[in-house]
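Report on the following structure.
The values are calculated or read from the model by the stated rules, or taken from the named source; none is laboratory data. Only a predicted model underlies this, so the values are computations on that prediction, with no experimental measurement involved. Here the Cβ positions follow ideal geometry from the backbone for every residue, glycine too, while neighbour counts run over all protein chains shown. Areas reflect the complete protein model, heavy atoms only, side chains present, ligands, DNA and RNA absent. Shrake-Rupley method; radii C 1.70, N 1.55, O 1.52, S 1.80 Å.
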Amino acid sequence: MDSVPGQGLVVLGFPCDQFGGQEPGDEAQIATFCERNYGVSFPLFAKVNVNGGDAHPLFIALKKRAPGLLGSKAIKWNFTKFLIADEGRSVERFATRTKPEALATQIEAYL
């Protein structure tokens with residue numbers, strides 16, 4: 001799923017190397033890899049940490065607003081998804097294995 005700016009949907013990617021060293025490159029290398037192998041055309045940000053003492057403030061806030069299974073704050077693996085309504089009024093969290101297509105109903109409710 002890609003961004004749909006005319007409808008208000010924007011997909012953002014935040015590479016993280018905290019999960020098995022899966023993002024070892026710099027931002028340009030990661031962007032090239034994602035575009036070539038997965039057709040990614042949405043914005044990719046600089047590599048961030050999502051867990052631990054140096055977690056990015058965005059992910060500290062997201063994990064607080066939308067804890068994981070059994071109230072867990074930690075992000076367990078790459079591709080955890082957060083659906084954020086306009087102006088941050090609502091945040092939902094989805095597991096790594098949740099396919100983007102499975103979020104269509106929730107996304108459409110916000111649009």
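Would you kindly work out the equivalent ellipsoid of region 13-58 from its C-alpha gyration tensor and give its semi-axes, the square roots of five times the eigenvalues, largest first in whole Å? Could you put the intermediate results ahead of the total?
Working: eigenvalues 80, 27, 12 Å².
Square roots of five times the eigenvalues give 20, 12, 8 Å.
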Label point distance in nm, A74-A104, each placed 7 Å from Cα along Cα→Cβ
3.5 nm
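Between R89 and N37, how high is the FRET efficiency from 1/(1 + (r/R0)^6) when r is the Cβ-Cβ distance and R₀ = 30 Å? Nearest 0.05. Show your work: numbers first, answer last.
Numbers: r = 34 Å, r/R0 = 1.15.
Efficiency computed from Cβ-Cβ geometry: 0.30.
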Per-residue [θ]222 nm for the chain (sum of -39500 (n - 2.57) over DSSP H runs n ≥ 4, rounded to 500):
-7000 deg cm²/dmol
Whole-Å distance linking the alpha carbon centroid of region 83-111 with that of region 42-67 is 17 Å
Value of Rg/Rh across the chain [Cα atoms, Kirkwood radius]:
0.94
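Ignoring ligands, DNA and RNA, what accessible area per residue does the chain give at 1.4 Å, in Å²?
Details: 7390 Å² over 111 residues.
With all protein chains present, the chain gives 67 Å² per residue.
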Quick P(r) readout (region 47-111; Cα-Cα; 10 Å bins; whole %) gives 20, 52, 27, 2
Leaving out ligands, DNA and RNA, what percent of the accessible area of the chain is carbon and sulfur, probe 1.4 Å?
57 percent
